[in-house]
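The values are calculated or read from the model by the stated rules, or taken from the named source; none is laboratory data. Note that the structure is predicted; figures quoted are calculated from it, not measured. All Cβ positions, glycine included, derive from the backbone under ideal geometry; neighbour counts span all protein chains shown. Keep in mind that these areas ignore ligands, DNA and RNA; they rest on the heavy atoms of the full protein, side chains included. Shrake-Rupley method; radii C 1.70, N 1.55, O 1.52, S 1.80 Å.
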Amino acid sequence: MKRRRKIFLWLLSIILIGILGMVICDQLVGHSAKGKTYDTIDSIPHRKVGLILGTSPISSFNGRRNYYFDHRIKAGAELYKAGKVDWLVVSGGDYRNTENGYDEPVAMRDSLIKQGVDSARIVLDYDGTRTLNSIAKIHDVYGQDSIAIISQKYHNERALYQAKHLGIDAIGFNANTPGRRVSWWRNRGREVLARVKLFIDVVRGLHPDIKESIVRDFTKADTDILSVSHIETDYGDLICLKPRMNGLKMDMVCGEIPSPNDNSIVLAFAGAFTGTEFNKGHANVAGDHVAGGVRFKGYRCKRNTGAFTWSASSGPKFFYKDYSSAFDKAAKEGGMGFAQEMMIHDGQKVPTTRPLGNRNVFRALCLNSDGQLALYESQGIVTFCNFIDALLSQGIKEALYTDMGQGWNYCFYRSHQSDTTPKYLHSTSLPYASNFITIKIK
């Protein structure tokens, strides 16, 4: 009996010490942030750079809308529009391959643009999988000794402690905290544990894990040459890549896979249908096509019901059924062109040979309602019918199928002219892929 009592007292002591330790860690972090967080726009001092700490627009807990995300975006946009910050760094991770996953920096960037923030003043940071990484990168890579951190108050307090530990003069702007009591207690409980881990990391001398080391110049805006948007529709979410075609040129590359190390390439993606033979070049491409101003013949394909052409003089053009003369014109003008399955023409669905119930990750080259060229891809696996309906819901005038599935959907892009490392929609290409559409800087 005495032995059991000793064990009980020993376990109780450990629990009490653990609880006391958590309380002390929590209070130390809160005390350290006193006088450094602000709740109103008028009261916060100016900082050149504001750092929005990342979270997903969709809750990983229940798959619903994440109001913590919405409030952080609103707070960052208000600071920028009030002139309290000149730049916004959106720091998060790319979790698209996880359940309810999102590309957090892109989702934040798109939401900020909708609230009136200049896209050229937004910097995407993909090292923000931990708050420590976000804070350290501001100092070690971006060279900033003074920042405004934007998140909920309890998160700001921890971030400010980390900033102080790293020698950064930081202040926090408190975004509103959602009013749901259950979510508040859940997040506040996680925060207490995170503060304990913070002190453990400090004692261990843990170094931040920074993979992207591109230095940014915060004295001038980077040229935005391609915008990336994540769009929610009733038929499934879409990813939209829209190049700013002024100053860019298009071509079709056959027989080789474009290199992501070519910094002149803004966007590269598979175009026409491709066979499964190696080293066949133009003969492995479905249908006639134009590359480098020259018309080539490919193998016959009954699904080629439409076509796309581009030249410097005529710009982007879409054609349904009769497109042979369009290829001749594109070749004469030194342009490019390829045939594929037409999905939408003149803003209306057209018959497709691909079954509408077919399920995959689909992609299409489109003409937006504003007359701008854009590449759309389904966010994950959807039916072909839903993909078409999702495009129609966005007012798409023309849509030409390009490819599906991750191997065929090899694609990389650059959002800014200074990007030396591209981003990928899908990073692995099939080795016998024979044709790619490239959009390059002139």
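When only residues in segment 408-425 that are modelled with pLDDT under 85 and within 13 Å of residue 269 (Cβ to Cβ) count, which is nearest to the chain's Cα centre (by Cα)?
Taking the candidates together, the pick is 409.
Assess whether residue 123 counts as being closer than 21 Å to residue 210 by Cα, touching a Leu at 6+ places or on another chain (Cβ under 6 Å) and not in a helix (DSSP H, G or I).
So residue 123 fails the test.
When only residues in segment 163-195 that are modelled with pLDDT of 85 or more and polar (S, T, N, Q) count, which is farthest from residue 67 (Cα to Cα)?
Taking the candidates together, the pick is 174.
Within segment 426-442, identify whether any single residue is over 21 Å from residue 312 (Cα atoms), among the hydrophobic types (A, V, I, L, M, F, W, C) and in a strand (DSSP E or B), and answer yes or no.
Taking every residue of segment 426-442 in turn, none turns out to be over 21 Å from residue 312 (Cα atoms), among the hydrophobic types (A, V, I, L, M, F, W, C) and in a strand (DSSP E or B).
Is it the case that segment 275-282 has a residue that's surrounded by fewer than 21 Cβ atoms within 10 Å (Cβ to Cβ), in contact with a strand residue (DSSP E or B) (Cβ under 7 Å, 6 or more places away or on another chain) and either without any contact (Cβ under 8 Å) to a residue 12 or more places away in the chain or not in a loop (DSSP other than H, G, I, E, B) (or both)?
Yes, segment 275-282 has at least one match.
So how many residues does segment 74-98 have that are in a loop (DSSP other than H, G, I, E, B), over 19 Å from residue 141 (Cα atoms) and touching a strand residue (DSSP E or B) at 6+ places or on another chain (Cβ under 8 Å)?
The qualifying residues number 3.
Looking at 106, 117, can you tell me which residue is modelled with pLDDT under 90 and under 13 Å from the mean Cα position of the chain (by Cα)?
106
Tally up the residues in segment 90-116 that are surrounded by fewer than 24 Cβ atoms within 10 Å (Cβ to Cβ) and more than 17 Å from residue 239 (Cα to Cα), please.
Count: 2.
With the requirement that a residue be out of contact with any strand residue (DSSP E or B) (no Cβ under 9 Å at 6 or more places or on another chain) and either open to solvent by less than 30 Å² (accessible area, probe 1.4 Å) or polar (S, T, N, Q) (or both), what does segment 357-379 give you?
If the condition is that a residue be out of contact with any strand residue (DSSP E or B) (no Cβ under 9 Å at 6 or more places or on another chain) and either open to solvent by less than 30 Å² (accessible area, probe 1.4 Å) or polar (S, T, N, Q) (or both), then 369 is the only one that fits.
Right, residue 354: basic (Lys, Arg) and either assigned to a strand (DSSP E or B) or open to solvent by 30 Å² or more (accessible area, probe 1.4 Å) (or both) or not?
No; evaluated as a whole, the condition is false for this residue.
Please find, within segment 305-328, the residue that is nearest to the chain's Cα centre (by Cα) out of those that are surrounded by 22 or more Cβ atoms within 10 Å (Cβ to Cβ) and part of a loop (DSSP other than H, G, I, E, B).
Ranking the qualifying residues of segment 305-328, first place goes to 305.
Quick check: is even one residue across segment 260-274 open to solvent by 10 Å² or more (accessible area, probe 1.4 Å), at negative phi and either among the aliphatic types (A, V, I, L, M) or in contact with a His (Cβ under 6 Å, 6 or more places away or on another chain) (or both)?
no
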